[in-house]
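A short worksheet on the structure shown next.
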Amino acid sequence: MDHFHRIDGRLHAEQVPLADIGRAAGTPCYVYSRATLERHWRAFDAAFGNHPHRICYAVKANGNLAVLNVLARLGSGFDIVSGGELRRVLAAGGAADKTIFSGVGKQDWEIREALAAGIACFNIESEDELHRISAAAAKARKVAAVSVRLNPDVDANTHPYISTGLRENKFGLAESRAFAVYKRARADANLRISGVACHIGSQLTDLAPYRDALARTLEFARRLEAAGIGIDHLDFGGGLGVRYHAETPPTPAEYVGMILRMLAAHERRLPVTIEPGRAIAANAGVLLTRVIALKRGAGDTDFCIVDAGMNDLIRPALYQARQDIVEVAPPASADGTDAAAATAVREYDVVGPVCESADCLGTARRLSVRESDLLAVRTAGAYGAVMASNYNARRRPAEVMVDGDAFYVVCKRETLGALYRGESMLPADDDAADESDAADDVEVNRA
Ligand SMILES: *Cc1c(COP(=O)(O)O)cnc(C)c1O
């Protein structure tokens, strides 16, 4: 459920017409709905009832400060995968002691910053990482809480790029190696064993792989306990899928219900952490874009050229993802006398201005559009703005958050000058021989 809906045929976010936002903030522009973010977070929270739990929103899905702050106000924890994400969480008012650090390549400076901030737990993915966290903790005179991320070797049945729980994936540790890491951690005074972690992939639309992964994780936790290694929580990761087009993913209640039922078979009421990203943010956002031109194609399909491209939203190009694209004005099928209603429905490939044939937001879409009309790419709140780039020297899109009948620009569009701030040219050829005359803003390094 989301709060993007039509009022008199016109697409709104909560009470705000998207056309107003397009006019005020320009396009392309991401539009998020606060009520939708909150509704999704609460759906997970409520499903746990009184079972001890923590919802650590996966920052990588959408790390905009306003998004993080809205969730922090609900009491959310956070799952980070970099020092940059830690900075964002702290800047947005998120609690360090509800923050978990995941990721397969944590660098020493990131580990140091996380220790200094006092995060809740490191989810460890290799033995080498265990040693580096231990050394950093010793230096900081702290004890680092750690979980080991198990790789349960289950097929998440999702796109191979977002599948993470297969043996051949780079993520986590197989059971035998994970067990050895726990034994080392137990013997290390700089570390405190906190939990067992698992995350098998993203955009899962079926509970079956989750069941397999959880069964293995619980079995592994039992083995740890039998060896006298106690844990204080189970971190089951994120990955619950959303409806982009025709998918029918489990609801948060079904997903959490499955976790609780499987835990009930376990003798302890183990506290549970989950790390949903997409399921909270995806349907809380759309990408608003304006039609630049309509162009006849050679075959049956015409081109609808819009001002958003693969640099703004890469999912269709990278994962062959299908996201719905809808008219912001009343579409032709709606009643009314609006001029748009008279525009014939045609089949279009909706393409961006980027110089790549992969720059296609959607193929074979039936739309009634004219030049300069607005379109909304649905389900764009997760893995949208965060993956935007400046390819083709394009400015990344602005971001807007709607709250009831108000809207706020929560990320300004970049300026063209910002695109090359930090770049510099070599000294003029005449100056190069004479260092003293080299332009002072160019850093010179010599072998
Ligand atoms: C990406 C990721 C998540 C979030 O995945 P979603 O599919 O967005 O829910 C959670 N945990 C870890 C470790 C991740 O890498």
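The values are calculated or read from the model by the stated rules, or taken from the named source; none is laboratory data. Bear in mind that the values here come from a model prediction, so they are computed numbers and not experimental data. All Cβ positions, glycine included, derive from the backbone under ideal geometry; neighbour counts span all protein chains shown. We work out accessible area using only protein heavy atoms, side chains counted, and drop any ligands, DNA or RNA first. Shrake-Rupley method; radii C 1.70, N 1.55, O 1.52, S 1.80 Å.
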TODO: State all residues of the stretch 96-115 that are more than 13 Å from the ligand (Cβ to nearest atom) and open to solvent by less than 30 Å² (accessible area, probe 1.4 Å); if no residue qualifies, say none.
DONE: Ala96, Glu110, Ile111, Ala114, Leu115
TODO: Name the one entry in Asp212, Asp232 that is at pLDDT 95 or above, away from the ligand (no atom under 14 Å from the Cβ) and of a type in the set (D, E, K, R).
DONE: Asp232
- [ ] State all residues of the stretch 322-362 that are among the hydroxyl-bearing types (Ser, Thr, Tyr) and modelled with pLDDT of 95 or more; if no residue qualifies, say none.
- [x] Tyr348
TODO: Select the strands (runs of 3 or more DSSP E) contained entirely in the stretch 1-59, then report the ones holding at least 2 residues which are closer than 22 Å to Pro250 by Cβ and out of contact with any Cys (no Cβ under 9 Å at 6 or more places or on another chain).
DONE: 53-58
- [ ] Tell me, please, whether a residue that is within 13 Å of the ligand (Cβ to nearest atom), part of a loop (DSSP other than H, G, I, E, B), free of Cβ contacts under 8 Å to residues at least 12 places away in the same chain and more than 21 Å from Val256 (Cβ to Cβ) can be found in the stretch 75-95.
- [x] no
Open item on the list: Here is a check on your reading of the model: is Glu247 loosely packed, with under 15 Cβ neighbours inside 10 Å, assigned to a loop (DSSP other than H, G, I, E, B) and within 16 Å of the ligand (Cβ to nearest atom)?
Closed with: yes
Open item on the list: Quick check on this structure: which one of Ser194, Ser202 is in contact with a helix residue (DSSP H, G or I) (Cβ under 7 Å, 6 or more places away or on another chain) and closer than 23 Å to Thr99 by Cα?
Closed with: Ser202
Task: Subset of the stretch 134-175 (residues that are among the β-branched types (Val, Ile, Thr) and away from the ligand (no atom under 16 Å from the Cβ)) - done: Val143
TODO: Given the conditions (1) within 25 Å of Pro249 (Cβ to Cβ); (2) open to solvent by less than 50 Å² (accessible area, probe 1.4 Å); (3) outside any strand (DSSP E or B), report the number of the one that Ala221 does not fulfil.
DONE: (1)
Task: Residues (away from the ligand (no atom under 13 Å from the Cβ) and either open to solvent by 10 Å² or more (accessible area, probe 1.4 Å) or aromatic (Phe, Trp, Tyr) (or both)) located in the stretch 116-133 - done: Ala116, Ala117, Gly118, Ile119, Ala120, Ser126, Glu127, Asp128, His131, Arg132
Task: Scope the stretch 60-74; condition assigned to a loop (DSSP other than H, G, I, E, B) and among the small types (Gly, Ala, Ser); matching residues - done: Gly63
Task: Hey, Ala138 open to solvent by 10 Å² or more (accessible area, probe 1.4 Å), of a type in the set (Gly, Ala, Ser), modelled with pLDDT of 95 or more and outside any loop (DSSP other than H, G, I, E, B) or not - done: yes
TODO: Return the only residue of Gly195, Gly172 being buried (at least 21 other Cβ atoms within 10 Å of the Cβ) and touching a Gly at 6+ places or on another chain (Cβ under 8 Å).
DONE: Gly172
Task: Arg211, sole failed condition from (1) open to solvent by 60 Å² or more (accessible area, probe 1.4 Å); (2) part of a loop (DSSP other than H, G, I, E, B); (3) in contact with a helix residue (DSSP H, G or I) (Cβ under 8 Å, 6 or more places away or on another chain) - done: (2)
- [ ] Pull up the stretch 161-202, narrow it to residues that are at pLDDT 95 or above and among the polar types (S, T, N, Q), then point me to the one that is farthest from Ala317 (Cα to Cα).
- [x] Asn190
